[in-house]
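Take a look at the structure below.
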Amino acid sequence: MAKAMLIDTSNCLFCNACTVECKRENDVVIGKQIFWTEMLTHEVGEYPNVRQYYHKRACNHCTEAGCVEACPTGALYHHPDGFVVLDQDKCNGCGYCSQACPFHIPQLDVANPLTGEAKSNKCTFCVQRTANGGATACSMACPFGAIAFGERDELLVQGNERVAALQAKGVTKARLYGEHEMGGLHVLYVLEEEPEVYGLPSAPQYPATISLWQKIVQPLGSVTLGATVLGILGAFFVVRRNIRMEEVK
Amino acid sequence: MSSPDTTLSRRQFLKLTGTAGAAAVLGGGLTAFAPLPAYAAPPEEDGLLYGTCGVCSMGCAYVAHMSNGRIVRLSGNPKDQTAEGKLCVRGYSAIRLLYDPDRLKYPMKRTNPEKGVGVDPGWVRITWDEALDLTASKLKEVRDAYGPQAIMLVARPKDWQKHFAKSIGTPNHIAHNNTCYSTHDVVWRAMVTGKGKTWTVDYEHSQYILAFGWDGMGKSKNHWGRAVNTALANGAKLVVFDPRLSITAAKAHGWIPIKPGTDLAVLLAMIRTIVNEELYDKEFVANYTAGLEQLREAVQEYTPEWAAGISEVPAETIARIAREFAATKPAVIAHHKRDAGGPNYTNSWRTAQCFVILDTLVGSIDRPGGHILDRKHKLPAFDEIFQFPAYPDTIKGPRIDGLDRFSAFKALGKGSFSTLAEGILSQDPYPVKAMVVWKHNLLAFPNPPRMMEAIKTLDFVAVSDILPSEMAQLADVVLPDYTFFEGSGLNPRTYHAMYSQVALRDPLPPLGDVKSFSSVVVNVLKKMGLGEYVPEGMSGRALANAQIATLETTVEAIRGAGGMWGEEEPLEPKTEFGTPSGKIELYSTVLEENGYDPLPRWVEPRAVLNDQYPLHLLIWRKPWERMSQSQNDPILAEFCPENCATMNPELAQKVGVGEGDYVWVESHVNKIKVRVHLTAGIRPDCVAVDHGFGHWSRDLSVAYNMGGNDGDLIPNLTVAEQLEAGCPGMAALMEDVAVKVYKA
């Protein structure tokens, strides 16, 4: 069964409990503006008719994930429970995942200033916890009922109920985001406004070139690499044979 | 913003801390700490401790998850009615206070007699024996030469702290209450409780929540944010009056950007509307209150039209909200400390009085969905457990902060930060020579530069604290204290006590060579020759054991029950109140006896905007900041390295500045340099500065030199000025000041 999180922005109080507990739990680098989850404020209107909306921005764990498609090393992959894991040990810092993400989530961090070695950074759904029956650190931390963790099917029901309740209270633009986007996100949002207000594209998609990249260029690359290796080996044998021929002579 | 020395992952950071600490021990600097144990790779949790969070006075019960003797994670205790299994961002972050490499870890004495900003105190590590001997001998010298009143204790009024000041015989036990909530405290004592403000509010069951400057949701108050969210989900209406679009206001059905310092006008007009239209809860008012007729007469001049002229809130809006508030049940006025009824303006105490009146008129005092009176479990008092002689009469003498001139506030046994500096400097009513400070920072005073001048005139200053605060930088002796993790005992629920419940506090073995303040009290009193106040066996542990015994249980049994003691009980509404008449006194005889008009009246704020200072100053706090104690947290500093002058783009345009530019914010006392943050969610005649920044202690390696301190802009006061302001709670007038803003 697919796991997911439901972010109810109507309950979010911009407190950043999720931010600090994420950084602690995942040992995220401190002091370089690297965040696996962060809080954003969105302001709409002019004084005095102004509204503010708060939103937890992090990886949305797409079903059709551009980052997974683009990753050349297998560092990014889908967990059987649906979310997208990043294994930093396998990451070569190429940064294709950032370019492939319709939400511009993965951040590159130069982990070693001497070698210039970089690593991608993004939410891993606290795989160390969730793969063992636990919940994500942010959902455990949230004191105000803005982050739920659980089965995606159940959270879809819960999210739609919440949207209906908000609409009944007059929040006419309330909606659930993430049910169908990118083949279905594993982070669902209850929004009170248009997705764009929160910086979420209403029809997200990743660049076609990404698909091209993994399905054609990468295999092609492998073919090319194979041909190169064969060529070198061939040359080696030819040269060695020539040397031996010399010896025979 | 990031600086290179904070560019570390947690593990690297902790590893390096160890080596840096060891190197500094040799150097003998203030950061000379013994290395802390570093995290092992992903911790296997191998135990837990129960405790209560000391970040704010909500005191949520936590569960500390342990690995190899170290706390690796905190969660809220699910058995606690306050925490309900959660902590807030400040609570979760407290783990980084506990393991802060900059923590004070052993006693030190000053070798450089000069004191001030940028002055190296020349710290030398000393033993606890030396530190306690030095403190006791200096205090004894002062006491012998000038009398006990020449010694001040600056500390919250807790058991051990009160015992320390009283045993010495000084009346000068000074706490911060008049910068915080004294206005609420005096009116609740006078009109309802006989003993100060109540803290529990049953927001969850409220259907109409009305707030004036209250930002409980934006201050990440654990229980309240959750309770109001639940109320909203259950169809409650939330209306917020605030010059700034706070987080609470952003969640509200209506945000009303009222002119600062005029909430009282709106409240008086609301009372008039509700009384004249007979919309009040007739059964509650008839049975449990006194003084409705006098109140009716007193508010007749305060029409909604009059209030509109003062507050810039339309008269129809005022009348509509008054009617909605009275018609929806249960309805409640949300208030806590530094809201519109906090000690911000000359009229704030009248605002707080109107809060009580409105809550009473709609029957929301000790009723579901309203303010719930004290159900805190009463543990035996300090002097019931320990036997010692009566305190000397000198404790009743005149005070250096002038508190004795404010009888209604004096009765609460707290103190005044606003008047302390001028008291010390003018030596009125007498000279003071020594000061012991427990966990109060210099930056918490109105006008800290002036307070520092006062401190410099003292012969001796001892500071007990956790971090090398600015106050610690002015100390002659530093006495490193426990964090709340290292303390033990019991903590009865107060902030959400629908029934009597007590939380257990398991102690974490102390880190470094630190001592609890109770142990400092015991040792210093003995060494001062005041051994009669320290009976055999007097200790923090002994106090806790005696208190646990009265619960007829054991530590093991409470642990077995999940760290909490006390069974849920249904709320039995109170029918008797702690006033002379036993009723809620709309006409307050207690205020009258103390020389104040017993009925609410309009009072002008002190500050008047003028050409030179054309703006209102607003002070607020971000959800993750813990007053001036959290800015050294590297994670919090990463997403909020410094504070800002928050202003409307319309004002910024006039000033000629944009987002991120530096500006000076200046009042007639001082100026601070902060960055501009623009939002449409603030009145164009206001500038808002968030609290906690402007640290100048170089030993706070993360917080040092970031942002500016709003307190610098607040004038301190003389007792005469305080009397003239006319507040029985000695309100420090924290926002009653006009400012200007210009490009830096």
- Query: Between A:Val171 and A:Thr73, what is the spin-label point distance in nm, taking each point 7 Å from the Cα along the Cα→C-beta axis?
  - Reply: 4.1
- How about the stretch B:516-604: which GluC sites (Glu not before Pro) there lie in a loop by DSSP and see at most 13 other Cβ atoms within 10 Å? B:Glu536, B:Glu552, B:Glu567, B:Glu568, B:Glu576
- Using a Förster distance of 22 angstrom, determine the FRET efficiency expected from the C-beta separation of B:Asp611 and B:Ala744, and round it to 0.05. 0.60
- Relative packing of B:331-339, B:53-61, which averages over residues the other C-beta atoms within 10 Å, highest first: B:331-339, B:53-61
- Query: Given that compact globular proteins tend to follow 2.2 N^0.38 Å, what is the ratio of the alpha-carbon Rg of the stretch B:615-743 to that value?
  - Reply: 1.10
- Hey, rough spin-label estimate for B:Asp144 and B:Glu297, points 7 angstrom out along Cα→Cβ, what's it come to in nanometres? 6.2
- Extension gain, B:Glu572 back to B:Tyr704 (0.36 nm per residue minus Cα-Cα distance, nm): 42.4 nm
- Message: Ranking request for peptides B:112-118, B:259-265, A:69-75, B:95-101: highest mean number of other beta-carbon atoms within 10 Å first, then the rest in descending order.
- Response: B:259-265, B:95-101, A:69-75, B:112-118
- Can you give the FRET efficiency for B:Thr394 and B:Glu592, using 1/(1 + (r/R0)^6), R0 = 30 Å, r = Cβ-Cβ distance, to the nearest 0.05? 0.45
- Query: By DSSP, what percent of the beta bridges with both residues in the stretch B:615-743 are antiparallel, rounded to the nearest 5?
  - Reply: 55
- Expressed as an acute angle from 0 to 90° and rounded to the nearest 10, what is the orientation of the C-alpha long axis of helix B:348-361 relative to the principal long axis of chain B? 60
- Exactly which trypsin sites (Lys or Arg not before Pro) in the stretch B:182-239 are in a DSSP loop and have at most 15 other Cβ atoms within 10 Å? B:Lys195
- Would you mind giving the mean number of other chain beta-carbons within 10 Å of the Cβ of each residue in A:48-54, as a whole number? 6
- Inter-part distance where the stretch B:464-537 and the stretch B:279-319 are each reduced to a Cα centre, Å: 47
- Whole-Å semi-axes of chain B's equivalent ellipsoid, largest first, each the root of 5 times a Cα gyration tensor eigenvalue? 39, 30, 28
- Does anyone have the angle between helix B:159-168 and the longest principal axis of chain B? Alpha-carbon axes, 0 to 90°, nearest 10? 70
- Average beta carbon contacts from partner chains per residue of A:19-27, 10 Å cutoff: 6
- Rounded to the nearest 500, the 222 nm mean residue ellipticity computed for the protein assembly as shown from DSSP H runs (n ≥ 4, each -39500 (n - 2.57)) alone is -9000 deg cm²/dmol
- Nearest-5 percent of antiparallel DSSP beta bridges in the protein assembly as shown? 60
- Message: Per residue of the stretch B:653-664, what does 6.51 cos²θ - 1.76 cosθ + 1.60 with θ = phi - 60° give for ³J(HN,Hα)? Whole Hz please, x for Gly and Pro, Karplus curve as stated.
- Response: 5, 4, 6, x, 10, x, 3, x, 5, 8, 10, 8
- Query: Within 10 Å of each Cβ of B:617-624, how many other protein chain Cβ atoms are there on average?
  - Reply: 2
- Note on the structure: When the charge dipole of chain A is computed with +1 on Lys and Arg Cβ and -1 on Asp and Glu Cβ about the Cα centre, the Cα farthest towards its positive end, among A:His55, A:Ala2, A:Ile210, belongs to A:Ile210
- Can you list the GluC sites (Glu not before Pro) in the stretch B:621-723 that are in a DSSP coil and have 13 or fewer other beta carbons within 10 angstrom? B:Glu659
- Task: Calculate the length of the line joining the C-alpha centroid of the stretch B:158-220 to that of the stretch B:342-380, in whole Å.
- Result: 10
- Query: What's the Kirkwood radius of the protein assembly as shown in Å, using all Cα pairs?
  - Reply: 30.3
- Volume per residue of the C-alpha convex hull in the stretch B:233-379, rounded to whole Å³: 140
- Task: Please give the net charge around B:Val663, taking every other residue with its beta carbon less than 9 angstrom from that of B:Val663, where Lys and Arg add +1 and Asp and Glu add -1.
- Result: +2
- Note on the structure: Within the stretch B:64-98, the residues whose backbone N lies under 16 Å from a label point placed 7 Å from the Cα of B:Glu45 along the Cα-to-Cβ direction are B:64-80, B:84-88, B:92-93, B:95
- Query: In degrees, nearest 10, range 0 to 90: what is the angle between the Cα axis of helix B:10-27 and the longest Cα principal axis of chain B?
  - Reply: 60
- Note: B:Lys673 to B:Glu278 extended length (0.36 nm per residue) minus current alpha-carbon separation gives 137.0 nm
- Task: Find the cysteines in chain A that fail to meet the 4.7 Å Cβ criterion with every other cysteine, and list them.
- Result: A:Cys12, A:Cys15, A:Cys22, A:Cys62, A:Cys71, A:Cys91, A:Cys94, A:Cys101, A:Cys126, A:Cys142
- Message: Roughly how far apart, in whole Å, are the Cα centres of the stretch A:133-158 and the stretch A:61-83?
- Response: 21
- Query: Among residues other than B:Trp188 whose Cβ falls under 15 Å from its Cβ, what is the net charge (Lys/Arg +1, Asp/Glu -1)?
  - Reply: +3
- Counting only the backbone N, which residues of the stretch A:145-172 are under 12 Å from the spot 7 Å out from the Cα of B:His253 toward its beta-carbon? A:169-171
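Bear in mind that the values in this text are calculations on the coordinates, not laboratory data. The model shown is predicted, which means the values in this text are computed figures rather than measured ones. Ideal geometry is used to build each Cβ from the backbone, glycine not excepted, and the neighbour counts take in all protein chains shown.
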